[in-house]
Amino acid sequence: MQANELLSKTVQPLNPRDSLGRALEMMDELHLPVLPVVAKGRLAGLLKEDAALNSNDPAASVEQVMDRVELPYVRGKQHLYDVLKLMAERDLPMVPVLDMNGRYLGVVNGAETGAAMAGLVNACVPGSVVVLGMARNEYSLQQIARIVEEEGARILSMYCADLPESTGMEVTLKINREDISGILQAFERFQYTVHTTFQPSRMEDDMRSRYDALMRIMKI
């Protein structure tokens, strides 16, 4: 998924000649603490809410207080992961997007990235989540996938994370089955450590048993 497929339909850029008062109104409407500033179709700067609020003159223009150097941006053909990386590194709620010639295309904000990421990891598809623990030198995607597929299931998404100050790692799997008891047993046979599971059916059963227990207590 590329950045130019995720452009916001609601976030409009500021003009350098806009007043700070107008800029603050737009930020309030959009619930964004920073907005891009565009002149002649090119990214000219970024205006941060703090800079606008710290000005003593709300009639002052945007170009008087906007950031002009080291402006963050991604190209339209860059992947969603690049957008997320820049957002995290610069603590940004949105990222400007430029074409290969430096022309401003729009912005990708948190709402678009969140929805895209949910689709990328199949968050809305029914299934279960398993978190496995293992040493880094024992990791084998081929073996993990084979174990799941031999139980008649599929891995919808996965990601890996190294454990800090350790030689271990965690592998999180989204599997397209709610009943994964056979898969969990298979992982144990292959000596994988199952750290956590999230199974909708088990969660519903647990909530139902808690509710029934509460009703029994209330009747006493």
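Below 8 Å, C-alpha to C-alpha, sequence gap of six or more: please give me the relative contact order for the chain in percent.
Averaging sequence separation for qualifying contacts and normalising by length gives 17 percent for the chain.
Between beta-carbons, use under 13 Å as the cut-off and find the net charge around R189, counting Lys and Arg +1, Asp and Glu -1.
Net charge in that neighbourhood comes out at -2.
Per residue, what volume in Å³ does the Cα convex hull of the stretch 128-205 take up?
Enclosed volume per residue, from the Cα hull, is 83 Å³.
Under a cut-off of 15 Å between alpha-carbon atoms, report the aspartates and glutamates in cross-link reach of K48, not counting same-chain residues fewer than 8 places apart.
D18, E25, D28, E29, E63, D67, E70, D91
Which number do you get for Rg(Cα) / (2.2 N^0.38 Å) in the chain?
Here the answer is 1.42, to two decimals.
Please list, in chain and number order, the residues 5+ apart from L43 or on another chain whose amide H is under 5 Å from its amide H, with Hs placed from the backbone.
Those lying under 5 Å, H to H, from L43 are Y104.
For the stretch 3-118, what does the equivalent ellipsoid look like in terms of its semi-axes, each the square root of 5 times an eigenvalue of the Cα gyration tensor, given largest first in whole Å?
Largest first, the stretch 3-118 gives 24, 15, 12 Å.
Distance from a point 7 Å along Cα→Cβ of H195 to each backbone N in the stretch 111-143: keep the residues under 18 Å and list them by number.
128-141
Sorted by packing (mean other beta-carbon atoms within 10 Å per residue), highest first, where do 45-51, 55-61 land?
Going by the mean number of other Cβ atoms within 10 Å, highest first, we get 45-51, 55-61.
After finding the eigenvalues of the alpha carbon gyration tensor for the stretch 53-159, what semi-axes result from the square roots of 5 times each, listed largest first in whole Å?
Equivalent ellipsoid semi-axes, largest first: 42, 15, 14 Å.
Run the simple label-point estimate for S181 and D82 please: 7 Å along Cα→C-beta, distance reported in nm.
For S181 paired with D82, the spin-label model returns 4.8 nm.
Neighbour counts of other C-beta atoms within 10 Å: give me D18, D28 arranged from fewest to most.
D28, D18
Averaging the inverse of every distinct alpha carbon separation and then flipping it gives the Kirkwood radius. What is it for the stretch 34-96, in angstrom units?
With all distinct Cα pairs of the stretch 34-96 included, I get 12.8 Å.
Here, each number is a calculation from the coordinates, and none is a lab measurement. Predicted, not measured: the structure shown is a model, and the values here were computed from it. Don't worry about glycine lacking a Cβ; one is built from the backbone with ideal geometry, like all the others, and counts go over all protein chains shown.
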